[in-house]
Amino acid sequence: MSDPIINALTTLTDEEQLFASSVREFAEAEIKPYVREMDAAGKMRPEIISKAFELGLMGIEVPDEYGGSGGTFFMACLAIEELARVDASVSVCVDVNNTLVANAFLNYGTEAQRKKYLQMLSTNTVGAYALSEAASGSDAFALQTKAESVADDRGDHYVLNGRKLWITNGNEAGIFIVFATIDPSKGYKGITAFVVEKDFPGFSVGHKEDKLGIRASSTTELILEDCQVPKDCVLGEVGKGYKIAIETLNEGRIGIGAQMIGLARGAYECALAYTKERKQFGQSLS
């Protein structure tokens, strides 16, 4: 007698198979013809991102009430895998939007934040997740970006100062989850997550990295110089940003795992096709 738990982990439902097939068709028809061009240019074609929104791939796990597809985290992983089979750059863009940014709003956002930002993330605005800094890569909680609470003629708000590095989707994103410390003396317990929109005063996107791979996915520096962030743009609790970072990154790593499976599948399929084309001593290598 088969184990239902094992079956659930190894057998796709009809809905999941149909979903994966539709993503595969999109990747083959509308991404694959431009992979080399995008890699050489180091830039993703805007129409591909627009189509991903149109197909509901940017808010897969987001409930219908917030403008999303109402799917599951597993379906998001299926989409990431199928996209990575053709192009890792598009895959990581979709991955970050779903498993890091939308996920953080779903789990920690206020109702007002969910209504505003999940709608945007699902329909027309790319998200980015800004944790890493020059001195805090692997040791992410050693970050030095500071947030100061200010009350002036503009009302109560935070002022953020610092620089973030290696931020995926930096050039494409309109919404950023930025981690900063309200009190460096508190260590990780001072870290707070903020929602920063691209047009907030004092925010700008800096240098874009010239990478060896996944080149169409932008990896950039973010610059915060007296960046003004409203008080209602704190995500979760003040001083609890480390908890948001840990838990969202745990899910994000699953998405990266799905991406690696997709890359492996794509590499295998390309290699297998080559062995059928390549001949030695009158016979194909396969």
Per-residue HN-Hα couplings for the stretch 31-41 [Karplus 6.51, -1.76, 1.60; θ = phi - 60°; Hz; x = Gly/Pro]:
10, 3, x, 10, 4, 5, 4, 5, 5, 5, 7
So if each residue of separation counts as 0.36 nm, and I subtract the Cα-Cα distance between Lys276 and Asp64, what length gain in nm does that give?
71.7 nm
Between the modelled labels at His207 and Asp156 (7 Å from Cα along Cα→Cβ) the distance in nm is 3.9 nm
Order by protection proxy (mean Cβ within 10 Å, highest first), peptides 217-223, 33-39
217-223, 33-39
FRET efficiency for Ala40 and Ala264 from the Cβ-Cβ distance with R0 = 25 Å, rounded to 0.05, comes out at 0.60
Determine one quarter of the surface area of the Cα convex hull of the stretch 1-141, which equals its mean projected area, and express it in nm² to one decimal.
11.1 nm²
Whole-angstrom gap from the stretch 161-188 to the stretch 209-241, using each part's C-alpha centre
4 Å
Could you give the spread of the C-alpha atoms of the chain along their three principal axes, from largest to smallest, in whole angstroms?
79, 47, 33
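Give me Rg/Rg_expected for the stretch 214-286, where Rg uses Cα atoms only and Rg_expected = 2.2 N^0.38 Å with N residues.
Normalised Cα radius of gyration, the stretch 214-286: 2.04.
Would you work out the charge dipole size for the chain about its Cα centre, treating the Cβ of every Lys and Arg as +1 and the Cβ of every Asp and Glu as -1, and quote it to the nearest 20 debye?
Once rounded to the nearest 20, the dipole reads 760 debye.
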With a cut-off of 8 Å between alpha carbons and a minimum separation of six or more residues, what is the relative contact order of the chain in percent?
20 percent
For the stretch 121-258, what is one quarter of the convex hull surface built on the Cα atoms, given in nm²?
8.8 nm²
With everything on Cα atoms, drop me the angle between helix 14-26 and the longest principal axis of the chain, reported from 0 to 90° to the nearest 10.
90 degrees
Residue-wise, which Karplus ³J(HN,Hα) couplings in Hz belong to the stretch 108-116, taking 6.51 cos²θ - 1.76 cosθ + 1.60, θ = phi - 60°, and x for glycine or proline?
10, x, 6, 4, 5, 5, 4, 4, 7
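Computed from the coordinates by the stated procedures, all read-outs in this text should not be read as laboratory data. Bear in mind the structure is a predicted one, so any value in this text is a computation, not a measurement. Note: ideal-geometry Cβ built from the backbone for every residue, glycine included; neighbour counts use all protein chains shown.
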